[in-house]
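Heads up, the thing below is written out as structure tokens.
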Amino acid sequence: MIMNEKIRASEVALIGIDGEDLGVVKTSEALAMARKLKVDLVCESLFQSPPPCRLVGAGAARDAKQQEKRKAREPKTKEIRLTPGIETHDLDTKRTQAERILKGGDAALFVVKLSGAKEGEAAKRLLEELIRELAPYGTKKTGIQLSGKQASVQLDPKG
């Protein structure tokens, strides 16, 4: 996104704040108008002559650029490891960590390591509790999967 003084064309096709067509004007005039209105001049395409530029509210262009970056980023799956006999404080720490991951737009994969055959039920209860408490931040992608030496469940972030 090319903004303000970085626009090198001598003339631009200017579009106003409310979308009105202001015609072809010199870049220096468009920049002066942007400064006077306390907005940004944003170039929309370099493939046209003169390049179409828009007057955009100050900061709105930066916000749009950051939002584009966030949307373009591929979500990751972050693994959180637990044990069935986890202490309450440690569980709170892991829950907070998962909350932060889900709020950040990534998926959280909970993996509970099992050492004995009798720990399967405890692991399942632990994962069900985590799913219930993290419901405002994420939805489970898969059911709780018990397999040999581990139990796991993945939570995806909400919309």
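The values are calculated or read from the model by the stated rules, or taken from the named source; none is laboratory data. It should be emphasised that the depicted structure is a prediction, and the values quoted were computed from it without experimental measurement. Because the Cβ atoms are built from the backbone with ideal geometry, glycine has one as well, and the counts that use them run over all protein chains shown. Just so you know, the surface numbers come from the protein's heavy atoms only, side chains and all, with ligands and any DNA or RNA stripped out. Shrake-Rupley method; radii C 1.70, N 1.55, O 1.52, S 1.80 Å.
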Exercise. For region 96-155, which fully contained strands (runs of 3 or more DSSP E) count at least 2 residues that are modelled with pLDDT under 90 and over 13 Å from K78 (Cβ atoms)?
Worked result: 145-147
Seminar exercise, completed: Taking first residues from region 131-159 that are over 19 Å from R81 (Cβ atoms) and second residues anywhere that are acidic (D, E) and open to solvent by less than 40 Å² (accessible area, probe 1.4 Å), the pairs with Cβ under 8 Å that are 6 or more apart or on different chains are P157/D106
Problem set entry | Count of residues meeting criterion [open to solvent by 80 Å² or more (accessible area, probe 1.4 Å) and of a type in the set (A, V, I, L, M)] in region 73-120 | 1
For this session: Select, from E44, E74, E99, E11, the only residue that is over 27 Å from the mean Cα position of the chain (by Cα) and not aliphatic (A, V, I, L, M).
Result: E11
